[in-house]
Amino acid sequence: MNQKKITEKAYGQLRKILRDRVTLSAIHRMAYSRDWSPRYREMNDLPDIVVIPRDTQEMVRITKVAYRHEIPLVPFAGGTGMGGGAVAWKGGILVETKGLNGILEIDEENMTATVQAGITIEVLNSELARHRLWLPHQPESKRACTIGASIGCDNDSTFGLRYGKILDCLLNAVIVTGRAEAIRVGQRKASFSSTGYKLLDLLVASEGTLGTITEATLRIVPLPEVREVRGYVCRRLNDTARGLERLLGCGLAIESAHANCRNRLHFYTHSYREKYGREPQLPEWADAILFLSFSGDRDIVAFNVDKATRIMIDEFKAEPIGEQELVEGWWDSKHRLEFIPFKQKWPVSQRQKKFGAADLGLPIGRLEEGYHRYLEIAKKWDQEILGMTIYNESPNKATASISFAVFVDDSSQEAVRKFYRYVREMSEMAIELDGTMSTYIGDGDRLGGFNRLEHGPGLTYMRRIKRIFDPKNIMNPRKKFQSRWIDSD
Amino acid sequence: MKEKSLKDYAEDIYTCNRSRCGFCREQCPVYHVMAYETYSCRGKILVGRGLIEGTLSPSREMAQILDHCLLCGLCQARCALHNLDIVTSMRREMVLGGVPTPVHRENVQRILTEGRLLDARAAPEREGQTPLYVGCVYRTKPRELATALSVLERLDIHPLIADETCCGYIVEATGFAKEFEAVQEQFKKTYQQLNAPEILTLCPTCTITLKEKYGLPVKHAIVVVAEQLHKKQGIVKPLGFRATYHDPCHLGRMLGVFEEPREILRYLGIQLVEMENNRYFSTCCGGGGGVNAVDPGLSIEIAKNRVRDAIRLGVEIITTVCPTCEPTLLRGAGRVSNEIDTFIDVRSLWELLDDALVD
């Protein structure tokens, strides 16, 4: 039977399950043809069918149809992923997961929330706030990003320094595997378990290649009384990591820590420029800016802010940013996502070229080296520097999940391929410096196969795991193990 | 001024594709009900890209999807692109492509031949000093119109109501650009107050249309009411209940009139409780963009969602100052009360003023 007939047959079966929540329409399929990864204009990845399930059982039935006909299944959530993970590279059935958007339970006694995985982080937190609670996993994309996408992509979190990333908040999840079996993995409402294998961990960063996540139970925490944000201008990039290590080592409770190079500060201070009509002013000697947030009871926060400031000044010769409006403008961009109406940051910044990044992880002693290599590699591949941000995403220790961002010229295929050559060389550099090639974007359709450089024979075990969950390779095929952009030698 | 073609928005379209932030999507009232990405602005813009690149063509299906846009502008407030212009331009492509929506075409014809959108039941005459453009919707509501006029007159604002024809908003908004030019000509021939230094309006939609498409010096009458109340003392009796104010999209988000209605409410002794989505980020009642004409069910669902926002606050009433928002929210409130046995009333700000003003 040819592919068109298979698709039509599958569509007929899906109509019986979903009625008008399934479509073959080219118009609807066009709306799902992209995510946020750099790609040239002619490149549209249209799925063959779009479905909108509302619960786990429907997802099981959808997967059975896909399994029967061996049609790819591609989960789609916020559509803001940078790695090509949510695009239907091989066509197939695209699953609009945001139909799974219910809050199933808020358990205040045990401090958990159980949700359908298609709920956005912002909507969840809006509801939790009514109970004076919140989920501290907060990527910048939280307006669009869902819980399922956070699990699937293992994306960044602003407050990782205190709360970690999604795995640190995740207690259990339901996944509909490529075998069309719904299983709950994890440790119920306990925080960790030493029994069995950690299947829950496998789901994180799986990018829809093992199954579709339909539910999750999360550890939630009380909303803090106050939050203060401060910025410190540092002489050297390494001072940001060493400074943070010292602050944590002396016992301070810091909620978040991010370091920007000078170029990246421009990107994060859009709201400041719009409000005040001026560029941020920094001393010439400053190489980096460390932003810290502190939250908790008012007197504790005040103490932490004061002590952190004195250490940064006395021991690292840093200078606090005196203009608090600048710091608040940065925070608007980073966390509050508050922009002057009609002047939101993202479209303003990408009129000519597109944001693209290599999202490396480096040991904290190799930051300056990594930064200088970034400048060289970007220049080599004609990439315009956007700047570097270091996210600290592991509880209570300085780590370096780094966005080495550039402006990508997406006007031609060749220009986009140059970007991916930049990504390749940056990834090779990361491995050379004992780091990792991705810390928040994932493999998507860019690093698959090439990631053997990082995983070595481990990649073979990963393929075997994939086959256990997805014997017919219907779940987001090719992602994680093949690349459209980077040849694995 | 010649309308731009969709290709003229190519930079915005490609910028959206580059940005993919999704800020427009998450609060889109239509997307929340319809669930397909296509109904969000981000999705529609990708479809627009298909149109300009020739991979998609105008069709009835596409027209129907575009019909399901309130043109409320919430997406635009969360963005920096010309989203409303893009969607309107796409609707023009449907008309040019020979697939306009029949009910919209009928409405356009009516406006062209009769000068009005709806059957007028009120033919007010006033010969005061201050030109007041009434608009099609208020002309179907004699009681509501009389209330508004009474309030104005008690505040020493004496309207001059002249012959008028439809401002044509719905003609332009549904993609009938050529016909809109004819409607504008018709308007200019009929309305004799074009040279007035200021024209008051009652309908927010007419206000934005007359301001932006005709370049007239218009001001929504509620702004003048707020100014008058400031000058006068002891002319109201406090109403003393808890209410929330729904910002009409055209009055609030597009014209920036947020505080005057709120000042009035406080002046009337009403305890104002804000909905979570207010001012620039107020969510539409469901009555905009011609949606009610093509899918009244969708309009009601959106209205219900907005009413639920208000019910969460525990207030007694929703108040607003738009002749489209009021009945749309009231329909939504009625439907919600069937589901959860809680009825929240919807009352016009003009009514509240009428109740409060001491004669």
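The values are calculated or read from the model by the stated rules, or taken from the named source; none is laboratory data. Fair warning: this is a prediction, and the values are worked out from it, not measured in the lab. In this analysis, Cβ positions are derived from the backbone assuming ideal geometry, glycine residues included, and neighbour counts consider all displayed protein chains.
Among the residues of the stretch A:25-53, those identified as farther than 30 Å from A:Ala358 by Cβ, within 11 Å of another protein chain (Cβ to nearest Cβ) and in a loop (DSSP other than H, G, I, E, B) are A:Ser25, A:Ile52, A:Pro53.
The criterion of at least 2 residues that are modelled with pLDDT under 95 is met by the following helices (runs of 4 or more DSSP H) wholly inside the stretch A:198-305: A:237-249, A:262-268, A:270-276.
Each residue in the stretch B:92-135 was checked for being part of a loop (DSSP other than H, G, I, E, B) and farther than 23 Å from B:Asn292 by Cβ, and 7 pass.
Based on what the data block shows, is A:Val50 within 22 Å of B:Ala35 (Cα to Cα) and in contact with a His (Cβ under 8 Å, 6 or more places away or on another chain)? In short, yes. Of all residues in the stretch A:107-127, those that are touching a Ser or Thr at 6+ places or on another chain (Cβ under 6 Å), in a loop (DSSP other than H, G, I, E, B) and closer than 24 Å to A:Glu255 by Cα total 0.
With respect to the conditions (1) part of a loop (DSSP other than H, G, I, E, B); (2) closer than 16 Å to A:Gly208 by Cα, A:Val74 lacks only one, and its number is (1). Here B:Ala77 passes the criteria (1) touching a Cys at 6+ places or on another chain (Cβ under 7 Å); (2) within 7 Å of chain A (Cβ to nearest Cβ) except the one numbered (1). For the stretch A:190-200, the condition of being surrounded by fewer than 19 Cβ atoms within 10 Å (Cβ to Cβ), touching a Gly at 6+ places or on another chain (Cβ under 9 Å) and not small (Gly, Ala, Ser) holds for at least one residue. For the structure I just gave you, tell me whether B:Ile13 is at pLDDT 95 or above and closer than 21 Å to B:Thr283 by Cβ. Judged against the criteria, B:Ile13 is not a match.
Condition check for A:Met462 on (1) free of Cβ contacts under 8 Å to residues at least 24 places away in the same chain; (2) buried (at least 24 other Cβ atoms within 10 Å of the Cβ): one failure, at (2).
Condition test on B:Arg49, is it over 16 Å from B:Val171 (Cα atoms), touching a Cys at 6+ places or on another chain (Cβ under 7 Å) and among the basic types (Lys, Arg)? In short, no. The listed residues are A:Ala88, A:Ala144, A:Ala149, and the only one of them that is in contact (Cβ under 8 Å) with a residue 40 or more places away in the chain and outside any loop (DSSP other than H, G, I, E, B) turns out to be A:Ala149. Screening B:Glu326 with (1) out of contact with any helix residue (DSSP H, G or I) (no Cβ under 6 Å at 6 or more places or on another chain); (2) crowded, with 23+ Cβ neighbours inside 10 Å; (3) not in a helix (DSSP H, G or I) gives one miss only, at (3). Which of the residues that make up the stretch A:317-333 are assigned to a helix (DSSP H, G or I), crowded, with 20+ Cβ neighbours inside 10 Å and more than 14 Å from every other protein chain (Cβ to nearest Cβ)? Correct list: A:Leu326, A:Val327, A:Gly329, A:Trp330, A:Trp331.
For the stretch B:22-42, a tally of residues being at the interface with chain A (Cβ under 7 Å from one of its Cβ atoms), in a loop (DSSP other than H, G, I, E, B) and within 14 Å of B:Asn83 (Cα to Cα) returns 1.
If only residues of the stretch A:128-141 that are assigned to a loop (DSSP other than H, G, I, E, B) and over 26 Å from B:Arg42 (Cβ atoms) are counted, the one that is farthest from the other protein chains (Cβ to nearest Cβ) is A:Pro136.
Residues that are surrounded by fewer than 22 Cβ atoms within 10 Å (Cβ to Cβ) and small (Gly, Ala, Ser) were ranked within the stretch A:11-32; the one that is farthest from the chain's Cα centre (by Cα) is A:Gly12.
Which residues, taken from the stretch A:154-168, are surrounded by 23 or more Cβ atoms within 10 Å (Cβ to Cβ) and either acidic (Asp, Glu) or within 14 Å of chain B (Cβ to nearest Cβ) (or both)? Listed by number, the residues that qualify are A:Asn155, A:Asp156. Conditions first: (1) in contact with a Lys or Arg (Cβ under 7 Å, 6 or more places away or on another chain); (2) buried (at least 18 other Cβ atoms within 10 Å of the Cβ); (3) more than 25 Å from B:Val108 (Cα to Cα). B:Glu301 passes all but one, so which condition is the exception? That leaves (1) as the condition not met.
Report, by residue number, each residue of the stretch B:215-245 that is modelled with pLDDT of 95 or more and touching a helix residue (DSSP H, G or I) at 6+ places or on another chain (Cβ under 7 Å). Passing the criteria: B:Leu216, B:Val218, B:His220, B:Ala221, B:Ile222, B:Val223, B:Val225, B:Ala226, B:Ala243, B:Thr244, B:Tyr245. Tallying residues that are assigned to a loop (DSSP other than H, G, I, E, B) and closer than 25 Å to B:Arg49 by Cβ within the stretch A:2-24 yields 1.
For the stretch B:83-113, residues that are crowded, with 21+ Cβ neighbours inside 10 Å and polar (S, T, N, Q) total 4. When we screen A:Leu46, A:Leu104 for residues that are surrounded by fewer than 24 Cβ atoms within 10 Å (Cβ to Cβ), farther than 30 Å from A:Gln413 by Cβ and in contact with a Ser or Thr (Cβ under 8 Å, 6 or more places away or on another chain), the only hit is A:Leu104.
When each of B:Ser59, B:Ser5 is tested for being farther than 21 Å from A:Lys142 by Cα, more than 9 Å from chain A (Cβ to nearest Cβ), in contact (Cβ under 8 Å) with a residue 12 or more places away in the chain and surrounded by fewer than 20 Cβ atoms within 10 Å (Cβ to Cβ), the lone residue that passes is B:Ser5.
Is the stretch B:281-292 home to any residue that is aromatic (Phe, Trp, Tyr) and out of contact with any Ser or Thr (no Cβ under 6 Å at 6 or more places or on another chain)? Yes; the residues of the stretch B:281-292 include at least one that is aromatic (Phe, Trp, Tyr) and out of contact with any Ser or Thr (no Cβ under 6 Å at 6 or more places or on another chain).
Residues considered: B:Leu298, B:Leu251. Of these, the only one that is within 14 Å of another protein chain (Cβ to nearest Cβ) and hydrophobic (A, V, I, L, M, F, W, C) is B:Leu298. The set of residues in the stretch B:152-169 being of a type outside the set (Lys, Arg), outside any loop (DSSP other than H, G, I, E, B) and over 22 Å from the mean Cα position of the chain (by Cα) consists of B:Glu153, B:Pro159, B:Leu160. Among the numbered conditions (1) surrounded by fewer than 21 Cβ atoms within 10 Å (Cβ to Cβ); (2) more than 23 Å from B:Glu276 (Cβ to Cβ); (3) under 17 Å from the mean Cα position of the chain (by Cα); (4) not acidic (Asp, Glu), the only one that B:Asn338 does not meet is (3). Taking the stretch A:107-127 as the range and being within 14 Å of chain B (Cβ to nearest Cβ), surrounded by 17 or more Cβ atoms within 10 Å (Cβ to Cβ) and of a type in the set (Ser, Thr, Tyr) as the test, only A:Thr120 passes.
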